[in-house]
1. Quick check: anything in region 37-55 closer than 24 Å to Thr132 by Cα, among the acidic types (Asp, Glu) and exposed (fewer than 15 other Cβ atoms within 10 Å of the Cβ)?
2. Could you pull out every one of the strands (runs of 3 or more DSSP E) wholly within region 56-173 that has 2 or more residues that are surrounded by fewer than 18 Cβ atoms within 10 Å (Cβ to Cβ), polar (S, T, N, Q) and under 29 Å from the mean Cα position of the chain (by Cα)?
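The values are calculated or read from the model by the stated rules, or taken from the named source; none is laboratory data. Because the structure is a prediction, the values reported are computed rather than measured. Here the Cβ positions follow ideal geometry from the backbone for every residue, glycine too, while neighbour counts run over all protein chains shown.
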Amino acid sequence: MEHEEKGFTLMELIKAMLHYWYIIAISTVLGVLLGFGLAFYVVAPKYSSTAEVLVQARDINNNYTFLESQRAVETLVYLFTSDVVLDQVIEDLGVQGEGLTGAQIKSNLSISYKTTSLFIRITYTDLNKDITAPIVNQVVDTAKRLADDGVTSPLLQNTFTIVNNGNDGRYASPNKPLYLVIGFLLGAIVGAGIVLIIEFSRTTYRTKEEIEKDLNIPVIGVIPEFNVEDE
């Protein structure tokens, strides 16, 4: 006798989820607690400081032009993260720069800009809140000095001005609400997965239709569910 694999209808899945609601609830709570623990106690908080510069490059006639400024943007982005600037930054920082390397500063430094804008945002992120502003400001100041002195390239002289210096380090990560939402979703998914495993691992028949399909014989009676109460 051939046996067909038993499947689930949508209604049966919903009934299973409702029947084992406590498993999903416990798993969801555990997921939220895990996200809470990671966000507030495990993942170290990071802080960032951002400075902003405006690119204003000149053409051969010594006039500021938008086109020349756009061309200078990407070169300046490279300058901010170049070894010649970062090595000089560590030297200029003195005591604050002790123990730092150019590679470490570069890994925590992010540059953002838009091709339609002449503004460049330089952000430094670190576990130490107190050094974020000094480092990002020193990076901008050092790049400005080297560009204007013509040390890096004469083409970069007087190509940008500092609009905003880096402020005191502000909280950047982790995103605590996001951790809680992810913990909630993962907990609910894991709980639902456990319920499905329980249902698929059951070897009993759930409906008379399954018996008739498997055994190819009609069911002539069904004993209803009832509760026996003590007298």
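1. Our first condition is that a residue be closer than 24 Å to Thr132 by Cα; within region 37-55, this holds for 38-55.
This time we only want the ones that are among the acidic types (Asp, Glu), so: 52.
Keeping just the survivors that are exposed (fewer than 15 other Cβ atoms within 10 Å of the Cβ) gives none.
For region 37-55, residues closer than 24 Å to Thr132 by Cα, among the acidic types (Asp, Glu) and exposed (fewer than 15 other Cβ atoms within 10 Å of the Cβ): absent.
2. Ranges flagged: 109-113.
Results for (1) farther than 19 Å from Leu127 by Cα; (2) outside the structural domain of Asn137 (by TED's automatic domain parsing); (3) among the basic types (Lys, Arg), shown as yes or no for each residue.
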residue	(1), (2), (3)
Met17	yes, yes, no
Thr28	yes, yes, no
Phe36	yes, yes, no
Gln56	yes, no, no
Leu67	yes, no, no
Ser82	yes, no, no
Gly99	no, no, no
